[in-house]
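In what follows, a single structure is set out as structure tokens and then discussed.
The values are calculated or read from the model by the stated rules, or taken from the named source; none is laboratory data. Since the structure is predicted, the reported quantities are computational estimates derived from the model, not experimental observations. Areas reflect the complete protein model, heavy atoms only, side chains present, ligands, DNA and RNA absent. Shrake-Rupley method; radii C 1.70, N 1.55, O 1.52, S 1.80 Å.
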Amino acid sequence: MTQTPLAPMPEPAAAAPVTSRLRTALRCVAIASCLPYMLLKAAWISGSHLGVPDGSSLLDHRTTMIVANSLSVLMDSAVVVIALLLTQAWGRRVPAWLLALPMWAATGLLLPIMTGYPLQLLVKALGGEITATGGSARPFLDEWVFAVVYTGFIIQGLTLGTLFALYARDRWGHLWQGTLRELPDSPTAPPCGPPPSPPR
């Protein structure tokens, strides 16, 4: 009696990501959290002084402000692309190295704000004062601008971090199963146990 060989099971990495309400909600929240920042930047590019007090150093160089704000809008647009990439089937086909750069940049930009801004609010709530560096007495931005922008950044960091954890579990989770003891021996690793005796 002959046995028919079983068809090989597809690798977990080849499976399409599971679309869930959680991921859809996180994606929508991440994208929506970009809108206040982008709208504010667009207003400044168009010449509005919304949230910029008279005498602010931001008003000294109009061209520089337009270029800087345009670049920051493009950077925040990357959040929208990353949120889509982490929740769509085509995102699983993106090379890992291509995803690493924007995630590394997002982590470096958002993590200091996610930790620093709540600490500043805590210091103020306890009666402390946050003094601006540089000793300049000129106003920079209205307080509400920092609240709106930094709150959006914190939401972006939390949602993207959660989406990336889910994405990584789906794409590479099969590599994390088991224990280190179950891994095959590496051809470049030194052998375990005592060294062999020299030939006589």
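Rolling a 1.4 Å probe across all protein chains gives residue 41 an accessible area of roughly 30 Å².
For a quick check of understanding: with a 1.4 angstrom probe and all protein chains in place, what accessible area in square angstrom does residue 144 have, to the nearest ten? Accessible area of residue 144: about 110 Å². Panel values: region 76-163, Kirkwood radius from alpha carbon pairs, Stokes-Einstein at 20 °C and 1.002 mPa s, translational diffusion coefficient 141 µm²/s.
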